[in-house]
Every structure is written in C-alpha cells, then in structure tokens.
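Heads up: the structure comes next, in structure tokens.
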Amino acid sequence: MKVPYSWLQEFIEELPPVDEVVGLLDGLGLAVESVHPYAGAANGTLAVRVDSLAPVEGSDHLLVATIFDGIARRTVVTGAPNASEGMMTAYAPPGTFLPALGGTVEKRRMAGVDSDGVLLSPRELGVFDHAGGLIELPADLEPGTDLARAWPADQVLELELTANRADAFSLLGVARDLAAKLGVGYRHPAAGLDPGDPRLDDGLEIEVADAHGCPAFSLRRIEGVTVAPSPLWLQRRLASVGLRPRNNIVDVTNYVTFELGQPSHAYDAAELSNGTIQVRRAREGEKLVTLTGDELELSAHDLVIATPSGDGSKAIGLAGVIGGLAESVEAATTSVALEAAFFDPVGIRRTAKRHGISTDAHYRFERGVDPNLSRLASARAATLIARLAHGELHPGVSWVGKTFEPAPIHYRPSRVHFLMDFEVPRPMQRRYLEALGCEVSQDADDAWRVVPPSWRFDLSIEEDLVEEVARLHGYEHIGETVPPMHFVPPRTDPTHRELRHEIAGLGFQEAIGYVFTSDAELSKAQAPAAQVRLSDPQGVERSVLRTALYPGLLAAANLNRSLTSLALFEIGRVFLEEEIERVALLATGPWIEPGWEEGRELDFFLFKGLLERLAERRNSRLEMRACLFPPLHPGISAEVLWNGRPVGYSGRLHPEVAARFELRDTYLAELDLPLERRPVQVAEIPRQQHAERDIAVVAPLEVSYGDLAAAVGAAAGKLLESVEPFDVYRGASIPEGQRSVALRLRFRHEERALRDEEVDDYMQNVIQTLRQRGYDIRDR
C-alpha cells in the first residue's frame, strides 16, 4: 500500500514529519517497508496550449506544433500520436534538464524544421511511467504554468500490511489509526455527503440473483458529463501511488479506491439496457472482453455484472475484479451509472485466481471491504465526477442490500494487564477504542460491551480488543523482564527442529514435497490409495492428498538421478483415514565414494545402522523384524519398532518400483512421529570386570538373529549383560541352507568377580538350549 505524505496531510492537521510518522506506523503494526521520493515534474517545464498542427513535409508521422506558453508562440516538432489542436500539454524549453532522460533539451533541426524545445510524455516529464503519447493536462490550466510548482515532489511511504488489516488498504484507514495514536481528529472526505434517496426514481434498476455473492449494491446516475483530462491535483495523486491517469471519470473511481478503500466502477449509462444492472452467476463458457482487451471464458462459479440483451443478458464486468470494455466510459459518454458494491471476499479471490487477474479492486475485495461503506463512497465518487466532469448528480440512488451489524464483544479492561503486563487506565482504554470507531457501553467497572466498527471485522473476541489497546498505548510499555509464570509449560518441539538437525547430522538433506498428488503417482509408487480428494482441483496431477511421504522422495530422486548418490528426508503429514505426521528417509548410490579412503556401498545393514544411530541420539532402542510391505523388496523389508512400538517400515525399494522411477538400488524408511526421546539415565560405572565368552551357532537361514539372541538371553541367566554378533559364515563345513552366527556374551556380577566355573555353567545352559532347538554348535 502506497501512502503519499502530502495526501496523508489532508486527513490529519499538523501531521508529524515523515520520520516520526514512520516510527508511529511501525509501532501500530502498519509496517513501513520503505520511504522513497516521488520526483514530480522536472524543473523548468511549462504547461502549454497546442494552437495548431501541420504535417512535416516528407515525414509520415512528424507534426509541426505551434504552441503558446503564456508569453509567446513557439514551433516544436513532435511525433506523438495523441497530439491534437487545443490540447494542454507539457513543454521543455531549450536548456531544461530532464532527469528522466538524463540530458538537457537543446534547440535542434528535425526533418528540415527547427524545433524550439520538446513536448513531453508523462515519462519524460518524470511524473508517471507512460511514453505512448503526450501528457494531457486539464483545459483550464493557464498556459505558462510552472509545472514543477504545480506538480511538486513528494515522499511516498510503502506499507507492508498483513492480511487481517484490510481496513488500512486506504488513506482513510491509515489516517484513522494515526489519529487514534496521536489523540487527534481526522477529516473524513465523505462526511456530510448526501448518500441519495432510494425513494426517488433515477431510471436505474438493480437485479441481484446471488445475495450471498453480492450482499449490497448501489448505483448513482450522473447526467451531462464531459469526459476530459483530470485536473492536475487528481493526476498527481494517482501518479504518486503508481497509477496512470486516464480521464476525469475513471480517475475518480481509482482515486476513491485509494482514498476510502471502496472500489467502484463507472458504466456508460446509455449502454445499459433499460438502465438495468444484473448481478448473477456466469453461464459456463460465457465470454467477456475486459477493459484490458483480453477475452475471458467464464465459469459458472464466476459472479458477473450483466445487463439485459435480447431474450437474456450479457456480462459487462467480472464482479469485484475488472469491468468490461464495451460498456465502459468513452470520450463520447455523457451519462454515467456509478456502481459501488460489497462482494463476498472468498468468491472474489477464487475468481481472480481462476483467471489470473490482479487489480486494485480485487486486492481489496478479497481481503474485505467495509460492508457499510458502499453508499457513502458512492456519494463521494459521484460528487467528484459531477464536479470535475461538469455533470448533474441525480438526488436518487438505486440500492439493494442490508446494513451489516457487527456482533458486540464482552470486554474486561483488567485483561490488558493480565495479558500485556502493563497498566492502561480505564478512561484511556475507552478513548483508544472509541477513537478506532468502537461503541463502548459500560455495564460494570470490569464488564464493558464493545461494538466494533463495520470496517474492523478482524475484531471479534476480547483478545482482539486487548491487542488494539496495547497497540495504541505502545508495545514499548511491555516490561523488560519476564513476568512471573504460574506454570512452566512442558518442553515441546512441534516443528521437529531437533529431529531435522539429527537426521541432517547423519548425512541426509531435507526435501519438501507437495501435499497434493495424483492417483497415478500413488499407484506408480505402490502407495496406499487416496482417501481425500479435492472438490475443485487445479489439475489431475494435484487432485488428491498424499497417503505416504516416500513417493515425493522418489520423484525428487528421479529428477536428480544424474547424481551418483542421494540421501534425502522429509517430515510432513499424510492423509489416510486419519491425518498422520511422519518422517521418511531415502538413500541411493554409494554411501562413501572411493577416493583417498576405501569406498562403502550402501546396503540394508548400513541403512539400518543409520536408523539405529538416530535412535541412539534419542536415547531410544530401534529394532527390526522381517515383514512384507508392497513398495519394498519382498526379501529385504522389515517392520521398525521404536522402543518396542511399531512405527513404520524400512528396506530396499522393490525392483519394479525402482524401474518406474529409473533408480538404482534404493533404500527407504517411513516412520510415524513422534519418535520419542527417552530421558538420559545416569548409572554408576560397574566396579567389576565382565567375563566374556564366544559361541558359534549353526542354524537354518530362516532363523533370524533376533530369534537366536532371544534364545541365548533366556538360557544365559540373570548375570548376562549383553549378547552381540561379530561374525556370520557360510561355506565349507556348513550344511546347505544354514549359516554360522558367532555371538559374544558378556557376564557381570555387580559386587564380585565371576569365577570361570560359574560362567562355564551358564554357557552349558546356553549350549543345551540351542541344541534342544535343533541348532548345532561349531567347535572351530
């Protein structure tokens, strides 16, 4: 939102200097992103009248213009396509420095004709960015007027507004907040204007077929208008906010949009059939040519402004977004129908996004315009049009709709100290709220009834009012020390920042995938079928919500398959019967590429070790047990248990899935969150040395290490401290279909050293148990 300082001065008398205003606005939450100068008209330029035009002999576009600068007539050569006799425009005499061109004007000869200076486009004059023709100045401007004084420089504040402060998308809204902070009054440009009498017949009629999409709509008639360039002050105002002036009628509608925050649109009343405006949903495939000349194909979801045509009606504007070309104001227009309405913000946003259109009107409507402002803003715009275009404003008004009544809020002034930790006297709280437009009635000392103004629909609960009081009183009153807390909240990590750091520390890079996907993408990755579908997707490829994270990682790996190795992870939500938060990890290619040290190929056990390392960092235990999962290799997949709780799966990607994504050997894991972190347990260091024994067990291949470890643990007795594998052997002396697993057992007594005989007895129990299960013991 651009706020010219000189324009803001018209709302508040004795406005502080720019630097102070910047500080005040920042403190109010209306952050000033930048302050930049607006240059205004170049020094030395003059307003001139073009008295005559004649073609330059031998040229197909150059003209000799005779101009009057208030003192003398001069001859200037121009090629501007809009040059016309009688027009007022800008002129730079020889010796004038034009900053926009970076040079000084000189008297020169063009096509055999002496040109005594140049006539200027808006860009050359330095007032706004348009170089398609001469600037058109108002006809009542005196020739010879010093344009640098009539169109002076200014300073423009660029505000970065949050979406909830839709009321501040106007000069009035910004001035209202500033005045409340300063404790002074402000001028409302539309105060005291006649909103029109709806009982008087003005020859206009409104038919609203969709009251939800358009809760309020008004029309005002202005007769006998003359379309002409806007006065200098109006052109200057629009140029300073980045708009190109068009004519006195269109410019007024743009002016009031920025001044009051209410978009409006002017129609050529002669183009409205029977003076009738309709508000309805578009017919599927209906066409509309917009003001920009683009042809739109409308959807049945679009709200349009229409007028009767033949046996039906035709669209003449996209409601709240952009008007149509055919019925817009033209040079020959003599009668205007001025629209000011309130439209449903959600519908406006959807329509603008559907057609890829961004306008000042839609920008405000989608954030929320004061629903009770349309008639007052219409009076302001209609009065300006009648004055500037020399027309006659009809005293009647055509209006459909109802007045919006904000819901009252129960407010306790004591909550300010409770929530903000600083005191604001109750009379001052009331003054702040009333300065913002709230109606305050007091039932008791700490029980107020506050009705917010219609333009502040972001005020709905007590805490909103507390924030407003604190905002106007000043956040600088918040104490420098932390207030006493009645409780200490538990330490949480809702964004899983620590988990992200831990996984990144293992060598993985974080990826962020789309939540939206397609049935084809899920099927390609053999992921669960979609449970949640979008009712109005932008395309088939983003029509459902994902049911797993790993398809997104596979797609990312496919896009980066030129890399020799990848290690990616993602933390996000999946949508099955319930919404679940998960973490997924993917690795492919060599884990350590050979170089100055020996390389290491990625395999299941290395990938499992990475997950175990993650568990160690969380002081937790990770286990795996064989289990089949559709996207994984049937012989290399496992269920993952975190501290004994099943949380997901891990293994090698199924060859068929890998082929679809053009990937090499790839390993996946997808685990449900949270992966709890156990508190650190402090234990005394054992004072006794452990006793260690090794044993080699020959067992069938289908017997897992977990089964062997469980059998050993049950037979070894309570002094067994740990059992770990240290070798696996298959080959000579080992029967077909079996393998030898070497285990290292450690025994420890807390109070004394163990004798060899005791440990030997424990080992005999282990050997006997293993042989009873049909396993053999290798003696060498």
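The values are calculated or read from the model by the stated rules, or taken from the named source; none is laboratory data. Since the structure is predicted, the reported quantities are computational estimates derived from the model, not experimental observations. A quick note on method: Cβ atoms are made from the backbone with ideal geometry, for glycine too, and the neighbour counts reach across all protein chains shown. Note: accessible area is taken over every heavy atom of the protein model, side chains too, but ligands, DNA and RNA are not part of it. Shrake-Rupley method; radii C 1.70, N 1.55, O 1.52, S 1.80 Å.
Summary of computed values
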{"read-out": "Shape category assigned to the stretch 353-415 from the gyration tensor of Cα positions, a/c cut at 1.5", "value": "oblate"}
{"read-out": "Hull volume in cubic angstrom per residue (convex hull over the Cα atoms of the stretch 303-344)", "value": "90 Å³"}
{"read-out": "Contact order relative to length of the stretch 385-530, as percent, for alpha carbon pairs under 8 angstrom and 6 or more apart", "value": "21 percent"}
{"read-out": "Hull-based mean projected area of the stretch 690-740, where the convex hull spans the alpha carbons, in square nanometres", "value": "3.9 nm²"}
{"read-out": "Too-long pairs where the Cα-Cα distance tops 27 Å, listed order kept, from Lys181/Lys402; Lys2/Lys353; Lys608/Lys718; Lys314/Lys353; Lys2/Lys287", "value": "Lys181/Lys402; Lys608/Lys718; Lys2/Lys287"}
{"read-out": "Inter-part distance where the stretch 182-233 and the stretch 36-105 are each reduced to a Cα centre, Å", "value": "38 Å"}
{"read-out": "Stretchable slack from Ala300 to Ala659, in nm (0.36 nm times residue separation minus alpha-carbon distance)", "value": "124.9 nm"}
{"read-out": "Kirkwood hydrodynamic radius (C-alpha pairs) into Stokes-Einstein, the stretch 522-639, 4 °C and 1.567 mPa s, D in µm²/s", "value": "78 µm²/s"}
{"read-out": "Separation of the Leu701 and Ser733 label points, Cα + 7 Å toward Cβ, nm", "value": "2.2 nm"}
{"read-out": "Additional length obtainable on full extension of the chain from Asn643 to Leu606, 0.36 nm per residue less Cα span", "value": "11.3 nm"}
{"read-out": "Estimated FRET transfer efficiency when R0 is 51 angstrom, pair Phe97-Glu223 (beta carbons, to 0.05)", "value": "0.65"}
{"read-out": "Met110-Ser52 pseudo-label distance in nm [points 7 Å out on the Cα-to-Cβ vector]", "value": "1.9 nm"}
{"read-out": "FRET efficiency estimate (nearest 0.05) - Cβ-Cβ, Asp493 to Ser414, R0 45 angstrom", "value": "0.85"}
{"read-out": "Interchain or long-range residues, amide H under 5 Å from Gln155's placed H", "value": "Tyr5, Ser6, Tyr38"}
{"read-out": "Whole-Å semi-axes of the stretch 245-287's equivalent ellipsoid (Cα gyration tensor)", "value": "25, 15, 10"}
{"read-out": "Cα-Cα pairs of the stretch 296-366 separated by more than 21 Å (percent)", "value": "29 percent"}
{"read-out": "Portion, in percent, of the accessible area of the chain that falls on carbon or sulfur, probe 1.4 Å", "value": "50 percent"}
{"read-out": "Mean shadow area of the chain over all directions, Cα convex hull, nm²", "value": "53.1 nm²"}
{"read-out": "Loop sites in the stretch 658-726: trypsin sites (Lys or Arg not before Pro), DSSP, at most 11 other Cβ within 10 Å", "value": "Arg687, Lys718"}
{"read-out": "Angstrom value of the Kirkwood radius, inverse mean 1/r, which spans all Cα pairs in the stretch 556-622", "value": "14.2 Å"}
{"read-out": "P(r) weight above 20 Å for the stretch 386-520, C-alpha pairs, percent", "value": "68 percent"}
{"read-out": "Rg over Rh [alpha-carbon atoms, Kirkwood Rh] for the stretch 1-101", "value": "1.21"}
{"read-out": "Percent of C-alpha pairs per 5 Å bin, the stretch 179-300, short to long", "value": "2, 8, 12, 16, 20, 17, 13, 7, 3, 1, 0"}
{"read-out": "GluC sites (Glu not before Pro) lying in DSSP loop within the stretch 325-375, provided at most 16 other Cβ fall within 10 Å", "value": "Glu330"}
{"read-out": "Rounded if a/c under 1.5, otherwise prolate or oblate - the stretch 592-713, Cα gyration tensor axes", "value": "prolate"}
{"read-out": "Per residue convex hull volume, Cα atoms of the stretch 41-157, in Å³", "value": "101 Å³"}
{"read-out": "Sites Asp197 and Ala326, calculated FRET efficiency, Cβ-Cβ separation with R0 30 Å, nearest 0.05", "value": "0.45"}
{"read-out": "Leu296 long-range amide H proximity, modeled H, under 5 Å", "value": "Leu288, Val289, Thr290"}
{"read-out": "Extension gain, Asp26 back to Glu721 (0.36 nm per residue minus Cα-Cα distance, nm)", "value": "243.7 nm"}
{"read-out": "Helix-derived mean residue ellipticity, 222 nm - over the chain, DSSP H n ≥ 4, -39500 (n - 2.57), to 500", "value": "-7000 deg cm²/dmol"}
{"read-out": "Protection proxy ranking of 292-302, 530-540, 387-397, 627-637 - average other beta-carbon atoms within 10 Å, highest first", "value": "387-397, 627-637, 292-302, 530-540"}
{"read-out": "Lys314 long-range amide H proximity, modeled H, under 5 Å", "value": "Thr307, Ser309"}
{"read-out": "Approximate shape of the stretch 228-378 as ellipsoid semi-axes (Cα gyration tensor, √5λ), whole Å, largest first", "value": "24, 19, 14"}
{"read-out": "Stokes-Einstein translational diffusion, the stretch 718-757 - Kirkwood Rh over all Cα pairs, 1.002 mPa s, 20 °C, in µm²/s", "value": "170 µm²/s"}
{"read-out": "Estimated translational D of the stretch 635-780 in µm²/s (Stokes, Kirkwood radius over Cα pairs; 10 °C; 1.306 mPa s)", "value": "86 µm²/s"}
{"read-out": "Calculated from backbone phi, Karplus (6.51, -1.76, 1.60) coupling profile of the stretch 134-141 in Hz, x at Gly/Pro", "value": "5, 5, 9, 9, x, 5, 8, 6"}
{"read-out": "Along the chain, longest interval not containing exposed chymotrypsin sites (Phe, Trp or Tyr not before Pro), exposed being DSSP loop plus at most 11 other Cβ atoms within 10 Å", "value": "1-486"}
{"read-out": "Nearest 10 degrees, 0 to 90: helix 171-182 Cα axis against the chain principal axis", "value": "80 degrees"}
{"read-out": "Where Rh is the Kirkwood radius over Cα pairs, Rg/Rh for the stretch 236-308", "value": "1.03"}
